[in-house]
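Worksheet for the structure shown next.
The numbers here are math on the coordinates, done by the rules we state, and not lab data. Remember, predicted model here, so these are calculated numbers, not experimental data. We place every Cβ from the backbone using ideal geometry, glycine too, and count neighbours over all the protein chains shown.
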Amino acid sequence: MHVAALTVELHLPGTHSLKEKRAVITPILEGCRRRFSVAAAEVGDQDLWQRATLGMSAVSSSATRVKEVLDSVERFVWSFPEVEVTASRRDWMEAEAP
């Protein structure tokens, strides 16, 4: 079993309230869940208007498949013109199938 998490830090220059931030972040998170079948959530900077930290994770029997999925997720996040990606990081978890 192969498990990896992708953390993406965003700058949202056009948002001036938490409500506006939610309007930008929600389609990204829902799109990731729906299109790529990953777990996705806002995992940091929830109280800041112009910053967001998103976390996504994927599980597969193949490390190659996990990498492909997270590559696609990362490209999807980059495709939103209203956000600027300031950092991204991948963390692989050690897991053994029973």
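Here are the numbers for this structure:
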item	result
Selection from the stretch 29-56 of residues that are touching a helix residue (DSSP H, G or I) at 6+ places or on another chain (Cβ under 9 Å) and either part of a strand (DSSP E or B) or β-branched (Val, Ile, Thr) (or both)	VAL38, ALA39, ALA40, ALA41, GLU42, ARG51, ALA52, LEU54, MET56
Where a residue in the stretch 18-36 is over 24 Å from ARG65 (Cα atoms) and its partner, wherever it lies, is small (Gly, Ala, Ser) and surrounded by 13 or more Cβ atoms within 10 Å (Cβ to Cβ), with Cβ under 6 Å and at least six apart	ILE25/ALA52
Set ARG65, ARG89: member being assigned to a strand (DSSP E or B) and farther than 18 Å from GLU30 by Cα	ARG89
Residue list for the stretch 51-96, filter: within 14 Å of LEU10 (Cα to Cα), without any contact (Cβ under 8 Å) to a residue 60 or more places away in the chain, over 11 Å from the mean Cα position of the chain (by Cα) and surrounded by fewer than 16 Cβ atoms within 10 Å (Cβ to Cβ)	SER79, PRO81
Leading residue by the ranking (surrounded by the fewest Cβ atoms within 10 Å (Cβ to Cβ)) among those in the stretch 16-50 that are touching a strand residue (DSSP E or B) at 6+ places or on another chain (Cβ under 9 Å) and among the acidic types (Asp, Glu)	GLU30
Out of THR7, THR15, THR26, sole residue that is under 14 Å from the mean Cα position of the chain (by Cα) and either outside any helix (DSSP H, G or I) or at positive phi (or both)	THR7
